[in-house]
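The values are calculated or read from the model by the stated rules, or taken from the named source; none is laboratory data. Note that the structure is a prediction, hence the values are computed from the model and not measured. Neighbour counts run over all protein chains shown; Cβ positions are idealised from the backbone, glycine included.
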Amino acid sequence: MTLLEKIRQDLKDAMKKGDKDRLSTLRMILSNVKNRQIEKKDSLDDQEIVRIIQGLVRQSKDAVEQFEKGNRSDLVAKEETFITICQAYLPEQLSEEDLEAIIRETVAEVGALSPKDMGKVMKAVMPKVAGRADGKLVNQKVRAILSENSP
C-alpha cells in the first residue's frame, strides 16, 4: 500500500468515525498532494508526498511559534494536533545522537575542516537523512560540529 493509498483509507476511516481533526488534516494533505500532481503533471511517489507533509509540518511549527507569541493557546493546540496527525505519515525521526553520528561520519568522508566547508557537508548529509531529520536542525548540528573542528 502506497502512502497516498494509506492516507485515502485513513480519510475514509476518519469520515466513518466522525474524527473532525483527522479528517481536516488528511484533506489538507490530499489537497497539497493534488496541487503538486497538477504542477508536475504526473503522479507522486512516497518520497515526494513525505516532502509535502514535512513542509506542512514546518509551516505549522512556525505558526505555533507565532501563536505562542500572540498568546493564542486555542490556535496553538489546533496546530499541535495537526502536527501530531501529520507526523504519523512521516518516517521515524533520527535521534540527535544518530544525527550527530551521521554528520561526523560525513564530515570525515568529505574531509571538511572548517565552517567554510558547510555547503559540501550539507550536500552530502541531506540525502542520508532525507525525511528523517529537519533541515534546520541538520544545519545547526553541522555548523556546531564544524566549529568545534576548526583551528
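A few points about this structure:
- Residues in the stretch 27-48 that are at pLDDT below 90 and within 17 Å of Gln87 (Cβ to Cβ): Asp46, Gln47.
- Filter result for Ser43 (small (Gly, Ala, Ser), touching a helix residue (DSSP H, G or I) at 6+ places or on another chain (Cβ under 7 Å) and part of a helix (DSSP H, G or I)): no
- Check on Ile85, at pLDDT 90 or above, within 18 Å of the chain's Cα centre (by Cα) and either part of a loop (DSSP other than H, G, I, E, B) or closer than 16 Å to Ala133 by Cβ (or both): no
- Considering the stretch 1-26, and only residues there that are surrounded by 12 or more Cβ atoms within 10 Å (Cβ to Cβ) and not in a helix (DSSP H, G or I), the residue that is modelled with the lowest pLDDT turns out to be Thr2.
- Members of the stretch 42-81 that are under 19 Å from the mean Cα position of the chain (by Cα), charged (D, E, K, R) and farther than 15 Å from Ser31 by Cα: Asp45, Asp46, Arg58, Lys61, Asp62, Glu65, Lys78, Glu79, Glu80
Yes/no matrix, rows are residues, columns are (1) surrounded by 18 or more Cβ atoms within 10 Å (Cβ to Cβ); (2) among the basic types (Lys, Arg):
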{"position": "Arg51", "(1), (2)": "no, yes"}
{"position": "Phe67", "(1), (2)": "yes, no"}
{"position": "Thr81", "(1), (2)": "no, no"}
{"position": "Pro91", "(1), (2)": "no, no"}
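Yes/no per residue for (1) assigned by TED's automatic domain parsing to the domain that holds Asp10; (2) at pLDDT below 85; (3) over 30 Å from Thr2 (Cα atoms):
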{"position": "Arg104", "(1), (2), (3)": "no, no, yes"}
{"position": "Ser114", "(1), (2), (3)": "no, yes, yes"}
{"position": "Asp117", "(1), (2), (3)": "no, yes, yes"}
{"position": "Met122", "(1), (2), (3)": "no, no, no"}
{"position": "Val125", "(1), (2), (3)": "no, no, no"}
{"position": "Ala130", "(1), (2), (3)": "no, yes, no"}
{"position": "Lys136", "(1), (2), (3)": "no, yes, no"}
{"position": "Asn139", "(1), (2), (3)": "no, no, yes"}
{"position": "Arg143", "(1), (2), (3)": "no, no, yes"}
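- In the stretch 9-26, the residues that are in contact (Cβ under 8 Å) with a residue 12 or more places away in the chain and within 15 Å of Ile85 (Cα to Cα) form Cβ pairs under 7 Å with partners that are of a type in the set (Phe, Trp, Tyr) and surrounded by 15 or more Cβ atoms within 10 Å (Cβ to Cβ), at six or more places apart or across chains, as follows: Thr25/Phe82.
- Filtering the stretch 85-113 to residues that are free of Cβ contacts under 8 Å to residues at least 24 places away in the same chain and among the small types (Gly, Ala, Ser) leaves Ala88, Ser95, Ala101, Ala108, Gly111.
- Residue ID - surrounded by the fewest Cβ atoms within 10 Å (Cβ to Cβ), chosen from residues in the stretch 27-44 that are touching a Leu at 6+ places or on another chain (Cβ under 9 Å) and free of Cβ contacts under 8 Å to residues at least 40 places away in the same chain: Ser43
- For the stretch 121-142, filtering for residues that are assigned to a helix (DSSP H, G or I), surrounded by 15 or more Cβ atoms within 10 Å (Cβ to Cβ) and of a type in the set (D, E, K, R) leaves 2.
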